[in-house]
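Asks: Sharing a structure here in structure tokens format.
Nothing in this text is a laboratory measurement; each read-out follows from the coordinates by a stated rule. In this text, all values refer to a predicted model and were calculated from it rather than measured experimentally. Using ideal geometry, Cβ is built from the backbone for each residue, glycine included, and neighbour counts are taken over all protein chains shown.
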Amino acid sequence: MTGLDRKVWLRLEAICFSRGPRRVLDDVSLSFRPAELTLLVGANGSGKTTLLKIISGLLKPDQATLEYQSRQIGWRRLRNTLLTETCYLHQNPYLFDANVFDNISYGLKVMGAPGQLLRERTDLALETTSLQHLAQRHSSELSSGERQRVAIARAWALSPRLMLMDEPLANMDQAARHQCRLLIRQLQESGMGIILTSHEGRHKGLDITREIKLADGRLTQQSPLPSGSTVVPLRPV
Ligand SMILES: Nc1ncnc2c1ncn2[C@@H]1O[C@H](COP(=O)(O)OP(=O)(O)OP(=O)(O)O)[C@@H](O)[C@H]1O
Ligand SMILES: [Mg+2]
């Protein structure tokens, strides 16, 4: 990648989070650079979704040291930044009772984007995610893989710096997984940071920057991978 600032823009140190007496995250530290693809693996209940929700500003950590663009910052200020600069994608994304175009443009509308900008940005999102052919299709008439791609397109349209994808490849057939992996690589190449959770440790066809493993709320492994080590060229199916 050239011309992109690869400096750490977000650092979360020593995150702790409990639910009642149960410690769900225990002393978890992570930092983020643009265009990184982080694979977050862990068994059911290990804390993956909880961690993503904290990073996206949706859950407040009980304790953490926070740094944004190399400056310490309090949770209240960081939370507002995280809510606009990151985007959490649910495993089973909720789509509105409307067509694909309107679903993708919804966030832009809420942000008050003027009509022409909204149309141009939505068209670009459809093009980037290869979903033009579904633009007028109603959300109730989509497969689960298509729904996931529409949700990614909707998030992409808002230009987040970091996309947090919770098990995006689950429940997808081989062709849909392939499409989704291509899309993830495109997003990464555009400079977007991505975290992807998974039960599996192996992911072909993705340029994974590092793999993080959570077990019982603790980071047990954080391995930067040699550049290109996991790249498997994708061929059209
Ligand atoms: N709303 C909640 N109330 C109480 N406990 C919760 C809640 N959400 C999650 N937990 C608990 O927090 C722990 C971590 O849950 P989390 O959803 O983060 O795990 P996960 O790694 O995403 O699991 P999965 O692979 O099943 O999605 C689990 O023990 C879970 O039971
Ligand atoms: Mg989860």
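Asks: Cut-off is 10 Å between beta-carbons; in what order do D27, D207 appear when sorted fewest neighbours first?
Replies: The fewest-first ordering by Cβ neighbours comes to D27, D207.
Asks: Tell me, how many Å apart are the Cα centres for the stretch 1-52 and for the stretch 107-174?
Replies: Result: 24 Å between the Cα centres.
Asks: Then there is this: Using Cα pairs under 8 angstrom and six or more residues apart, how large is the relative contact order of the chain, in percent?
Replies: 27
Asks: Also, I was wondering about something else. Taking neighbour counts of Cβ atoms within 10 Å as a proxy for exposure, in what order, fewest first, do H203, H138 appear?
Replies: The most exposed by this proxy come first: H138, H203.
Asks: Given that compact globular proteins tend to follow 2.2 N^0.38 Å, what is the ratio of the alpha-carbon Rg of the stretch 1-94 to that value?
Replies: Scaled against compact globular proteins, the figure is 1.12.
Asks: Take the alpha carbon gyration tensor of the stretch 106-198, find the square roots of its eigenvalues, order them as a ≥ b ≥ c, and report rounded if a/c is under 1.5; if not, report prolate when a/b exceeds b/c, else oblate.
Replies: Judged from the Cα gyration tensor, the stretch 106-198 comes out oblate (a/c at least 1.5, b/c at or above a/b).
Asks: Sum -39500 (n - 2.57) across every DSSP H segment of at least 4 residues in the chain, then divide by the residue count to get the 222 nm mean residue ellipticity, nearest 500.
Replies: Estimated from H runs of four or more residues: -10000 deg cm²/dmol.
Asks: Now, a different point. Which far-off residues, 5 or more places away or on another chain, put their amide H under 5 Å from the one on R137, with H placed in the peptide plane?
Replies: Close amide H contacts, sequence-distant or interchain: V100, F101.
Asks: Taking R0 as 25 Å, what FRET efficiency do you get between D62 and R33 from their Cβ-Cβ distance, rounded to the nearest 0.05?
Replies: 0.45
Asks: What order do you get for T81, T197 when you list them from fewest to most C-beta neighbours inside 10 Å?
Replies: Fewest-to-most Cβ neighbours within 10 Å comes out as T81, T197.
Asks: Which helices count as membrane-span-like in the chain under these terms: full DSSP H, at least 15 Å along the axis by C-alpha, Kyte-Doolittle mean of 0.0 or more?
Replies: Qualifying helices: 100-110.
Asks: I've got another one for you. What is the set of long-range amide H partners of D27 at a cut-off below 5 Å, with H atoms built 1.01 Å from backbone N?
Replies: Amide H neighbours of D27, under 5 Å, 5+ apart: I15, C16, F17.
Asks: Apply the a/c threshold of 1.5 to the C-alpha gyration tensor of the stretch 49-122 and tell me whether it is rounded, prolate or oblate.
Replies: It is oblate, given that a/c is not under 1.5 and a/b is not larger than b/c.
Asks: While we're on this one: How would you classify the stretch 49-207 from its alpha-carbon gyration tensor, with a ≥ b ≥ c the square roots of the eigenvalues: rounded for a/c under 1.5, else prolate if a/b is greater than b/c, otherwise oblate?
Replies: oblate
Asks: What full-extension length gain, to one decimal in nm, is calculated for A175 and S159 as 0.36 nm per residue of separation minus the Cα-Cα distance?
Replies: Contour length minus the Cα-Cα distance gives 3.2 nm.
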